Amino acid sequence: MRLLLLAASCAAIAAAAGANETATFNKDVLPVLQKNCQSCHRPGEVAPMSLLTYQEARPWAKAIKAAVLSKKMPPWFADSKYGHFDNERRLTDAEVKTLTAWADNGAPEGNSKDKPAPIAWTEGWNIKPDVVIEMPNAFEVPASGIIEYQYIVVPTHFDHDVWISAAEVRPGNRAVMHHVIVYVRPPGSSYLAEAQPGIPYVPVKFERDANGAAIRRIPQGDELKRAQSFASSQASVELLTAFAPGLQEQHFDSPIADAAKFVPAGSDLVFQLHYTTNGKPASDKTRIGLAFAKTTPKYRYLVSNAATQNFVIPPNDSNYETHSTVTFNSEAKLVWLMPHMHVRGKDFLYQAVYPTGETETLLNVPKYDFNWQFGYEEEKPLVMPKGSRIDCTAHFDNSPNNPANPNPNVSVRWGDQTWEEMMIGWFAVVVDASVKPSDVILRQRPRGAAL
């Protein structure tokens, strides 16, 4: 009996080994890469190597195995117990086994007849833009030093109101670009009134300490008035779209088909540019592509946020907690969530509190990673009745145990630079096109929240 069991065990092991040996790139691995990896791992995108062909992927076989086993790739940070997201990036156990077996067995190419047809990726754009708007002049990034956020006003020259169904930002030089946010500045807005079109502009200058942290705004001459004007006029602009590592093109007609972003006639676009130096001089000329809605939509896509700037993270604090909240003043459908912190960010939680008193966890990111700024797209819109709240809770790790922490021995406050901190719960909603954006959200003091 013991011999029979041993023989059966050996047969099972041999069968498993045989199955592993049959994994080839063309038949088994390439479909997994097409489905989960190639959107980033191709020329011109954020990933450092292309995985379109066997010749490109073969040298990375062992690295691919290590990345999928550790769940480092594909990057996805949402807790699976909460929410359902259309852009979820998770490998199945079978897909992980396929990639692992392929690497373990010498990464064979296999029969070329087994290859699926290549995906027809669009080089340069992931949307089909009807118009491309580019910075008129390149920005020259120095080799070193701190660069405050740059703002560049670019006129659209739209002579009529337009509705945007999709938008995509393409940095001119990813090596020095952390993020780009593009705002719509409607006619009559006082936002950045002093800025000249096409000319880089810094609305707020800071005095900084030896660690690079902003101590205070520089109140010299008109600088203080300019800073105050900048802050008070921000409510008159609307976020159109953005670029950051992990954040790709945005489609505003999904998951609600008849929705779009609104850009009034005569509006300007304002490019907010966060450059980081890397030891070499560089040049950047960023552009944005816009796809127009074919008809006037029934719904308007709006981006807002629940944020707080009122925090001071103590030195060596490994679990500092912050809260932010907003209340809906009219019914809206929630379609997108994007938590944002910097390198000390540890975790981020979104919860909905409904007028009935019921609480629902919308998104939990237990291990936040600053290197990936994901937008989580709701699989189905979530109705937020009037009076509903979104409560956000975030924790920061300012201890030596955080490998990304540049200095655990300093207090950390809100600031633009990555060694400072932010706490922003971005979200997008869809409302009736006739609703004024200013009527959708009420802001209030943050409340405590927890799982």
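Of the residues that sit in segment 272-283 and are part of a strand (DSSP E or B) and under 23 Å from the mean Cα position of the chain (by Cα), which one is farthest from TYR151 (Cα to Cα)?
Keep residues of segment 272-283 that are part of a strand (DSSP E or B), which gives 272-275, 282-283.
Subset that is under 23 Å from the mean Cα position of the chain (by Cα): 272-275.
Numbers: GLN272: 5, LEU273: 6, HIS274: 9, TYR275: 11 Å.
Result: TYR275.
On the basis of being free of Cβ contacts under 8 Å to residues at least 40 places away in the same chain, open to solvent by 50 Å² or more (accessible area, probe 1.4 Å) and at negative phi, does SER434 make the cut? Full working, then the answer.
Working: free of Cβ contacts under 8 Å to residues at least 40 places away in the same chain: yes; open to solvent by 50 Å² or more (accessible area, probe 1.4 Å): yes; at negative phi: yes.
Considered against the rule, which asks whether it is free of Cβ contacts under 8 Å to residues at least 40 places away in the same chain, open to solvent by 50 Å² or more (accessible area, probe 1.4 Å) and at negative phi, SER434 comes out as yes.
Output the number of residues of segment 145-155 satisfying the condition of being modelled with pLDDT of 95 or more and open to solvent by 40 Å² or more (accessible area, probe 1.4 Å).
Matching residues across segment 145-155 total 1.
Of the residues GLU123, GLU134, GLU168, which single one is open to solvent by 70 Å² or more (accessible area, probe 1.4 Å) and at pLDDT 95 or above? Break it down stepwise before answering.
Working: GLU123 fails: at pLDDT 95 or above; GLU168 fails: open to solvent by 70 Å² or more (accessible area, probe 1.4 Å).
Of GLU123, GLU134, GLU168, the one residue that is open to solvent by 70 Å² or more (accessible area, probe 1.4 Å) and at pLDDT 95 or above is GLU134.
Mind checking which pairs have a first residue in segment 383-396 that is basic (Lys, Arg) and a second that is modelled with pLDDT of 95 or more and assigned to a loop (DSSP other than H, G, I, E, B), Cβ under 7 Å, 6 or more apart or different chains?
So the pair list comes out as LYS386/ASN329; LYS386/SER330; LYS386/GLU331.
Does HIS157 meet the test of being over 23 Å from ALA235 (Cβ atoms) and without any contact (Cβ under 8 Å) to a residue 40 or more places away in the chain?
Numbers: over 23 Å from ALA235 (Cβ atoms): yes; without any contact (Cβ under 8 Å) to a residue 40 or more places away in the chain: yes.
Answer is yes for this residue.
Can you tell me which of GLU140, GLU109 is at pLDDT 95 or above and more than 30 Å from ALA265 (Cβ to Cβ)?
Numbers: GLU109 fails: at pLDDT 95 or above.
Matching residue, one of GLU140, GLU109: GLU140.
Got a number for residues in segment 233-271 being assigned to a loop (DSSP other than H, G, I, E, B) and either surrounded by fewer than 22 Cβ atoms within 10 Å (Cβ to Cβ) or touching a Gly at 6+ places or on another chain (Cβ under 8 Å) (or both)? If you could, list the steps in order and put the result at the bottom.
Keep residues of segment 233-271 that are assigned to a loop (DSSP other than H, G, I, E, B), which gives 237, 245-246, 248-249, 252-258, 264-267.
This time we only want the ones that are either surrounded by fewer than 22 Cβ atoms within 10 Å (Cβ to Cβ) or touching a Gly at 6+ places or on another chain (Cβ under 8 Å) (or both), so: 237, 245-246, 248-249, 253-258, 264-266.
Total satisfying the criteria: 14.
So which residues in segment 272-310 are buried (at least 16 other Cβ atoms within 10 Å of the Cβ), out of contact with any helix residue (DSSP H, G or I) (no Cβ under 9 Å at 6 or more places or on another chain) and farther than 23 Å from ILE199 by Cα, if there are any at all?
Once the filter is applied, which keeps residues that are buried (at least 16 other Cβ atoms within 10 Å of the Cβ), out of contact with any helix residue (DSSP H, G or I) (no Cβ under 9 Å at 6 or more places or on another chain) and farther than 23 Å from ILE199 by Cα, segment 272-310 yields ALA291, ALA293, PRO297, TYR299, TYR301, VAL303, ASN305, ALA306, ALA307, THR308.
Of everything in segment 300-347, what is within 21 Å of ASN407 (Cα to Cα) and in a strand (DSSP E or B)? Give them in sequence order. Talk me through it step by step, then tell me what you get.
Applying the first criterion (within 21 Å of ASN407 (Cα to Cα)) to segment 300-347 yields 309-322, 340-347.
Once the filter is applied, which keeps residues that are within 21 Å of ASN407 (Cα to Cα) and in a strand (DSSP E or B), segment 300-347 yields VAL312, ILE313, TYR320, GLU321, THR322, HIS340, GLY345, LYS346, ASP347.
Kindly evaluate MET341 against the criterion of being at pLDDT 95 or above and within 13 Å of PHE77 (Cβ to Cβ). It would help to see each step written out before you state the result.
On the way: at pLDDT 95 or above: yes; within 13 Å of PHE77 (Cβ to Cβ): yes.
It is true that MET341 is at pLDDT 95 or above and within 13 Å of PHE77 (Cβ to Cβ).
Return yes when SER318 is farther than 24 Å from SER165 by Cβ and at pLDDT 95 or above and no when it is not.
Details: farther than 24 Å from SER165 by Cβ: yes; at pLDDT 95 or above: yes.
When the stated conditions are applied, SER318 passes them.
Given the criteria in a strand (DSSP E or B) and either within 25 Å of HIS179 (Cα to Cα) or open to solvent by 30 Å² or more (accessible area, probe 1.4 Å) (or both), does TRP419 qualify?
Values: in a strand (DSSP E or B): no; either within 25 Å of HIS179 (Cα to Cα) or open to solvent by 30 Å² or more (accessible area, probe 1.4 Å) (or both): yes.
Against the criterion (in a strand (DSSP E or B) and either within 25 Å of HIS179 (Cα to Cα) or open to solvent by 30 Å² or more (accessible area, probe 1.4 Å) (or both)), TRP419 does not qualify.
If you go through segment 180-200, how many residues are modelled with pLDDT of 95 or more, open to solvent by less than 20 Å² (accessible area, probe 1.4 Å) and on the phi < 0 side of the Ramachandran plot?
So the count comes out to 3.
Within segment 422-444, can you find the residues that are farther than 26 Å from ASN319 by Cβ and in a loop (DSSP other than H, G, I, E, B)?
ALA433, SER434, VAL435, LYS436, VAL440
Looking at (1) within 17 Å of ALA433 (Cα to Cα); (2) more than 21 Å from the chain's Cα centre (by Cα); (3) of a type outside the set (Lys, Arg), can you tell me which one GLY266 breaks?
Here GLY266 meets the rest and fails (1).
The values are calculated or read from the model by the stated rules, or taken from the named source; none is laboratory data. Every value quoted in this text rests on a predicted model; they were computed, and no experiment measured them. All Cβ positions, even for glycine, are placed from backbone atoms using ideal geometry, and neighbour counts span all protein chains on display. Keep in mind that these areas ignore ligands, DNA and RNA; they rest on the heavy atoms of the full protein, side chains included. Shrake-Rupley method; radii C 1.70, N 1.55, O 1.52, S 1.80 Å.
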